[in-house]
Amino acid sequence: MRCELIAGHPDFRRLNTIDGVTVDLRYIGADNFVGRDLYGDLDCAWLHHEAADALQRAVRYLAQHAPGMRILVLDALRPHRVQEMLWQHLDGTRLQMYVADPARGSIHSFGMAVDVTLLNAAGQELDMGSRFDELAEKSHPALEERMLAEGQISHAQQANRNMLRAAMFHGGFRGINSEWWHFNCGDPALVRQTYLRID
């Protein structure tokens, strides 16, 4: 289904209906690894209702365990046509491993993945040791212990990541090995087989 037709579809829920989150979609504007606006006039402030419910649970966990902190949504629904643009931007580089092959499909394109970080009570992003969309080893959760030992990230930065993960895991999301900010909802294989992809 085309992104332009998503409004009113029963499978999807707008991000602004999820209490306790702040939204700053980074593919609107140039604050992303491509360095330009990829969404333009597309309305991408949506999630599948299952992922939206999971995010609401993560918000409740955070309110209980870290009062004053908020979840900042950096990306949510990403139309398949934009996924193709990301793939092409990194074509022929070693960084292409960070982007799901459009032939297989990104879980973002089903509204079942979200990129997030945390804001403190003053509305500032917590220091996670690398920026959102920083395609580098220090962004890899799987390499954190090594990065910590080498001084690439600090204990405070790892603690911030752990708080984010605790909230998201409590909500029902799963992380990935290469990006501290990315979380999937549901089984990716099942999502690709049975959920509605947004183009």
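The values are calculated or read from the model by the stated rules, or taken from the named source; none is laboratory data. This one's a predicted model, so the numbers in the text were calculated from it and none came from an experiment. A quick note on method: Cβ atoms are made from the backbone with ideal geometry, for glycine too, and the neighbour counts reach across all protein chains shown. Accessible surface areas use protein heavy atoms only, side chains included; no ligands, DNA or RNA. Shrake-Rupley method; radii C 1.70, N 1.55, O 1.52, S 1.80 Å.
Each part reduced to its alpha carbon centroid, the range 34-65 and the range 123-199 end up 14 Å apart. Comparing Arg78, Arg26, Arg146 in a Gaussian network model of the chain where C-alpha atoms under 10 Å apart are linked, the largest mean-square fluctuation is found at Arg146. Placing unit charges on the Cβ atoms only, positive for Lys and Arg and negative for Asp and Glu, gives the range 59-189 a dipole magnitude near 340 debye about its Cα centre.
Ordering 132-143, 188-199 by mean Cβ neighbour count within 10 Å, with the highest value first, yields 132-143, 188-199. Taking only the C-alpha atoms of the chain, Rg followed by Dmax gives 16.1, 50 Å.
For the set Asp24, Asp115, Asp127, solvent exposure ranked by accessible area (probe 1.4 Å, protein chains only) runs largest to smallest as Asp127, Asp24, Asp115. Working note: Karplus 6.51/-1.76/1.60 with θ = phi - 60° gives the range 70-85 the couplings 10, 8, 9, 8, 9, 7, 9, 5, 10, x, 4, 5, 6, 4, 4, 5 Hz, where Gly and Pro are set to x. Placing unit charges on the Cβ atoms of the charged side chains and taking the dipole of the chain about its Cα centre, the candidate lying farthest along the positive direction among Val82, Gly8, Gln64 is Gln64.
The accessible surface of the range 81-152, taken with every protein chain in place and a 1.4 Å probe, is 46 percent carbon and sulfur. Highest GNM mean-square fluctuation among Thr93, Thr17, Thr117, for the chain modelled with Cα contacts below 10 Å: Thr93.
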